[in-house]
Amino acid sequence: MLLYLTYNDQPSGVYWSQVTDVVEHLNTLGGPEVKLVALVSGRDFLNTRRKIRAHSPSALVLPMVPTMKRWRWNTSTLAWICRTLRPAGMICRGPFAAWMALRMRDRGLVKRVCFDGRGAYAAEWEEYRIIPDDALIAQFRPLESEAVNKSDFRLAVSNALVAHWRERYGYAGEEHVVIPCTLGSDVRMSGPLEHNDNVVRLVYSGSTAGWQSFDLLKDLLSRILDAQPNVHVLFLSKRDANNSALEAAYPGRVEVKWLDHAQVSQALATCDYGLMVRERTITNQVASPTKFAEYLSNGLKVISNSGLGDLSELIRSEGLGVVLREPDLIPTLAPVSAEERSRLMLFASSRFRKETYREQYRRILGAMGGRQN
């Protein structure tokens, strides 16, 4: 048996596509059983456990020790789990989980550890101060360095992230695979839609919080809306001061909606371009946003800027949208045809399904000591 360990991650669409769906996929590959172990906040614990087990019925969901300052105390809980389940290895999402798993390896409770790196953790905490706690933020570089250099194997979401590991932490090995954030199992592609009007519909799906670079996006959208009267913008976001200000400035052309997860795909399919414009921080330069694949899978082209993980070059090389070259003016945008939508959807299906990375996932299982059938 292998364990897939998460710490302080809450139920969300990202968790389903990047965690529970991955565990389910690993269990189809003929290796050892992979069991999700989720240490979650005690707040609303029963509801959180119910949601996770609805997606991963065999998951072991336990309350973590209260407050992140005491995160190391969870090692005792994990030791009890290992003594009970006797796993051969652990796949660990993030530096906290990897640190705990490496302590289990030191004690002889597991043999192998795989670090599942979803981004540049220390850089993200330093650049965006996810929690305003200098002492906790200061822990991230040594934790991430140990996760990168001491784990037996690694999963990275982009080649840019591997390059970051080499530059910042001196990682010199080849014991890793690169698997971008892929589509969730709940994504169902419908036939391409085509509009009968000349309106060009742009959509931004997700949070408009500070780390999503809203000031940069606002400047871009203002220039587009001023230059092209036929452009409309849809925010699939919670209403806040940022998107409300744009809605007020461009009445009838900017709309803000917050939809249930099941309704998002249908709303995306009515649009032409998905917006992924982010500032050039380390966090964004190594990223593999799930939203990229979701946009393509609904037939949208993507408007991005250079330096977004491996994706900016992919947009250029495969004709998947527009890569802005600041401060150049943006090109004139036209509605996306049904034929082009079909091509984008097929590309998403071929490049961003977990089945595409079957061999990479098999390498992870093999590195954890699991024999393949």
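The values are calculated or read from the model by the stated rules, or taken from the named source; none is laboratory data. What you see is a predicted model, and the numbers here were worked out from it, not measured in a lab. Ideal geometry is used to build each Cβ from the backbone, glycine not excepted, and the neighbour counts take in all protein chains shown.
Assess whether residue 337 counts as being farther than 23 Å from residue 18 by Cα and at pLDDT below 90.
Spelling it out, it is not the case that residue 337 is farther than 23 Å from residue 18 by Cα and at pLDDT below 90.
Restricting attention to region 145-163, which residues are under 28 Å from residue 353 (Cβ atoms) and over 17 Å from the mean Cα position of the chain (by Cα)?
Those that are under 28 Å from residue 353 (Cβ atoms) and over 17 Å from the mean Cα position of the chain (by Cα): 147, 148, 151, 152, 153, 163.
Sort out which residues of region 123-140 are in a helix (DSSP H, G or I), touching a residue at least 24 places away in the same chain (Cβ under 8 Å) and closer than 20 Å to residue 284 by Cα, and write them in order of number.
123, 124, 127, 128, 140
Within the group 223, 239, which residue is over 22 Å from the mean Cα position of the chain (by Cα), touching a residue at least 12 places away in the same chain (Cβ under 8 Å) and either assigned to a helix (DSSP H, G or I) or not assigned by TED's automatic domain parsing to the domain that holds residue 331 (or both)?
223
Can you pull out the residues in region 141-155 that are more than 25 Å from residue 67 (Cβ to Cβ), without any contact (Cβ under 8 Å) to a residue 60 or more places away in the chain and in contact with a Lys or Arg (Cβ under 9 Å, 6 or more places away or on another chain)?
Matches in region 141-155: 148, 150, 151.
Which of the helices (runs of 4 or more DSSP H) contained wholly in region 255-373 include at least 1 residues that are crowded, with 19+ Cβ neighbours inside 10 Å and of a type outside the set (A, V, I, L, M)?
Hits in region 255-373: 282-285, 290-297, 311-318, 338-351, 358-367.
Does any residue of region 75-87 turn out to be buried (at least 23 other Cβ atoms within 10 Å of the Cβ), touching a strand residue (DSSP E or B) at 6+ places or on another chain (Cβ under 7 Å) and modelled with pLDDT of 95 or more?
Within region 75-87 (the criterion being buried (at least 23 other Cβ atoms within 10 Å of the Cβ), touching a strand residue (DSSP E or B) at 6+ places or on another chain (Cβ under 7 Å) and modelled with pLDDT of 95 or more), the answer is yes, since at least one residue qualifies.
Within region 148-168, is even one residue loosely packed, with under 15 Cβ neighbours inside 10 Å, of a type in the set (Asp, Glu) and at pLDDT 95 or above?
Yes, that holds for at least one residue.
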